[in-house]
Amino acid sequence: MIDPVVNGLEKEIDRSIRKHALYSYNIANVSTPGFSPVLFPEDRIELEKIVPDNDEMFQKVLLEQMTTNMARNRNRQNAYISIYKKRFEVYRQVATLGKK
């Protein structure tokens with residue numbers, strides 16, 4: 001089925017899954033000596049606005065930022081999945097002429 005909305009939702013769901021994995025990785029390793037976080041460009045920009053890389057508070061701020069972003073990402077992912085499911089529910093209703 002070719003539907004640009006469904007294709008866009010699938011891409012965003014995939015991106016949110018990758019972001020979640022990256023946030024988990026950063027949170028798990030933030031206390032490792034010499035750890036350098038792996039960040040999406042938008043997360044790096046947001047983090048640099050709060051604290052520079054060489055600041056002694058960087059690790060604490062990174063942990064808080066990753067935790068906050070993870071929660072925000074989870075909410076976004078849930079919304080995408082809900083819309084995705086609803087889209088296919090509409091397709092099912094059309095295909096069955098509204099019968100279950």
> Among (i) 63, 21, 18; (ii) 88, 23, 19; (iii) 82, 24, 17, which is the computed Cα extents along the principal axes in Å?
Replying inline: (i)
>> On a straight-distance basis, which lysines could pair with Lys19 in a cross-link, Cα separation under 16 angstrom, same-chain partners fewer than 8 positions away excluded?
In response: Lys11
> Which listed residue (Val51, Tyr25, Met70) has the Cα farthest towards the positive end of the charge dipole for the chain, taking +1 on Lys and Arg C-beta and -1 on Asp and Glu C-beta about the Cα centre?
Replying inline: Met70
> For labels at Arg18 and Asp3 in the simple 7 Å Cα→Cβ model, what's the distance in nm?
Replying inline: 2.4 nm
> Which of the lysines could a cross-linker span from Lys49 if the Cα-Cα distance has to be under 17 Å and same-chain partners fewer than 8 positions apart are dropped?
Replying inline: Lys60
>> Running a GNM on the chain with Cα contacts under 10 Å, which residue among Arg74, Arg87, Arg15 ends up with the highest mean-square fluctuation?
In response: Arg87
> When only DSSP loop residues count, what chymotrypsin sites (Phe, Trp or Tyr not before Pro) in region 1-98 have their Cβ near at most 14 other Cβ atoms within 10 Å?
Replying inline: Phe35
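All of the numbers you see were taken from the coordinates with simple rules; none came from a lab. This structure is a prediction, so every number in the text was calculated from the model and none was measured. With ideal geometry, Cβ positions are generated from the backbone for all residues, glycine too; neighbour counts draw on all protein chains shown.
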